[in-house]
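Inspection log for the structure reproduced underneath, given as structure tokens.
The values are calculated or read from the model by the stated rules, or taken from the named source; none is laboratory data. No experiment lies behind these values; they were computed from the predicted model shown. Methodologically, a virtual Cβ is constructed for each residue, glycine included, from the backbone with ideal geometry; neighbour enumeration extends over all protein chains shown. Areas reflect the complete protein model, heavy atoms only, side chains present, ligands, DNA and RNA absent. Shrake-Rupley method; radii C 1.70, N 1.55, O 1.52, S 1.80 Å.
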Amino acid sequence: MPQTSDPASPETDGPKGQTLWGGRFNAKPSEIMQAINVSIGVDQRLWEQDLRGSRAHCRMLAATGILTGSDAQAILSGLDTIEAEIREGRFPFRDAFEDIHMNVEARLSELIGEPSGRLHTARSRNDQVATDFRLWVRDACDRTIEQLQGLQRALLARAADHAADLMPGFTHLQPAQPVTLGHHLMAYVEMFGRDVSRFADARARMNENPLGAAALAGSPFPINRHATAAELGFDRPMGNSLDAVSDRDFALETLAAASICAGHLSRLAEEIVIWMTPQFGFVTLPDDLTTGSSIMPQKRNPDAAELVRAKAGRVMGAFVALSTVMKGLPLAYSKDMQEDKPPVFQAFDALDLATGAMTAMVAALIPNTERMRVAAGSGFSTATDLADWLVRELNLPFRKAHHVTGHAVKRAEGLGVDLSQLPLAELQALEPGITSEVYKVLTPEASCASRQSFGGTAPEQVRARIAEWKSRLS
């Protein structure tokens, strides 16, 4: 990203020496006013969107006869030069011109002279920044959807590899019932699928064009807002000029979607952190995705996962920050809204990095399937299978079956054995109708295989969901 240059650059647009907006003023902004007002260090990231919007506006002005063809051609040529300068790192970003819009306009004036001043006909920086920012957030939604689908594909590949490999399923982080690693990973495929749909929904709602709302009341010129909307890929112009320049719902909604998504990334990161502890020993990560300790040579730290977990705080904080900026603003535009971009940029920077890191970790994760398989049978994880057998085979009410199973667990615990090792006589002392057939359901393998309901952990069900999601993502 090109850096902001020294503010000692020219800041005039004519022989009187006024700033681009300074005709009504006798003095330049004070040093502190300039310091608090300038935003080019942040909003220069909007340069591409600003040029897109300016080109669309210029072509519309020419098509409606507001601009002459020669002026429009000069402006478009100048904008092409500016784009080349920015891409090549030669553009003179200057604090003296406050923001990306005035930097572009000032440079355009230097390049083509008087025709540059006609580009701002029938628009304001208010609708200009609303358009630029909306385009940027729309692009960010598209990019995030693509990244999340990449993460889903990585999860699907690992789930397919381990559709039948057992692991303990937890509630309260206590062993609950056996599941498969594939089933566990597929839960995150579903979560990130909802995230994709939220970003897509936000994108659909934001896809209206503010350009042409001007400062707040619309324009007296015979502009064609539908033309600029079509060129910029919007579905339609926004229907109220006041709303067009003051709305930041699109940014808040995407930050809300980003916050939920970051929460999902953080949950998966937390599980990787837990699973990598020697006490669990379920997975490892390769050297290039872990770090060591400056003092403890044995350490392999899951720092990438920990940092993904931490990035969620940045994303969630961005939503709170922008909500706080917007909550007390009257219509239409207030300079407070200059503070809308830093939290959004920071949130998407964090989300981009976290999603990329998580995709890399998922792809490289090395499961210890034998350790997981042994753990899947711990903590009397087939107790529910015993209760279900009593209901299914002996027609006991579930509450009675639950009570009998609780006593069986207590007895097995006292004898220091698993349920599958509890002698038949012990079980029959609790419920005389129990037969040796019960042992067929008391293994983790049998427990998983029996969960054949739609969305269950039976390997056949897991593979069916994998196939369904692969089809969706194709």
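Conditions (1) farther than 26 Å from A305 by Cα; (2) of a type in the set (D, E, K, R); (3) in a helix (DSSP H, G or I), marked per residue:
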{"position": "G193", "(1), (2), (3)": "no, no, yes"}
{"position": "I223", "(1), (2), (3)": "yes, no, no"}
{"position": "A229", "(1), (2), (3)": "yes, no, yes"}
{"position": "L265", "(1), (2), (3)": "no, no, yes"}
{"position": "W275", "(1), (2), (3)": "no, no, yes"}
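Listed by first and then second residue, the pairs with beta-carbon distance under 6 Å, at least 6 apart or on different chains, first residue in the range 358-382 and assigned to a helix (DSSP H, G or I), second among the aromatic types (F, W, Y) and open to solvent by 50 Å² or more (accessible area, probe 1.4 Å), form an empty list.
Scanning the range 318-351 for residues that are over 29 Å from A214 (Cβ atoms) and open to solvent by 30 Å² or more (accessible area, probe 1.4 Å) yields F319, V320, Q346, D349.
Select from the range 395-423 the residues that are of a type in the set (G, A, S) and in a helix (DSSP H, G or I) and write down the one among them that is nearest to S436 (Cα to Cα). Checking each candidate, the answer is S420. The criterion of being touching a strand residue (DSSP E or B) at 6+ places or on another chain (Cβ under 7 Å), open to solvent by less than 10 Å² (accessible area, probe 1.4 Å) and not hydroxyl-bearing (S, T, Y) does not hold for A251.
Put simply, of R123, R138, R134 the only residue that is open to solvent by less than 40 Å² (accessible area, probe 1.4 Å), outside any helix (DSSP H, G or I) and of a type outside the set (V, I, T) is R123.
One residue stands out in the range 94-117 among those that are of a type outside the set (A, V, I, L, M) and closer than 16 Å to Q49 by Cα: the one that is most open to solvent (accessible area, probe 1.4 Å), namely E105.
Taken over the range 191-235, the criterion of being buried (at least 18 other Cβ atoms within 10 Å of the Cβ) and of a type in the set (F, W, Y) is satisfied by F192, F199, F234. Looking across L442, L390, one residue alone is open to solvent by less than 30 Å² (accessible area, probe 1.4 Å) and modelled with pLDDT of 95 or more. It is L390. For P367, state whether it is more than 30 Å from A159 (Cβ to Cβ) and at pLDDT 95 or above. Considered against the rule, which asks whether it is more than 30 Å from A159 (Cβ to Cβ) and at pLDDT 95 or above, P367 comes out as no. Among the residues of the range 141-160, write down those that are surrounded by 22 or more Cβ atoms within 10 Å (Cβ to Cβ) and closer than 10 Å to R203 by Cα. Result: C141, single match. For the range 383-399, taking the residues that are within 18 Å of E426 (Cβ to Cβ) and free of Cβ contacts under 8 Å to residues at least 40 places away in the same chain, the one that is farthest from the chain's Cα centre (by Cα) is identified as L396.
Of all residues in the range 295-309, exactly one satisfies the criterion of being part of a helix (DSSP H, G or I), farther than 15 Å from A364 by Cβ and either touching a residue at least 60 places away in the same chain (Cβ under 8 Å) or touching a Ser or Thr at 6+ places or on another chain (Cβ under 8 Å) (or both), namely R309.
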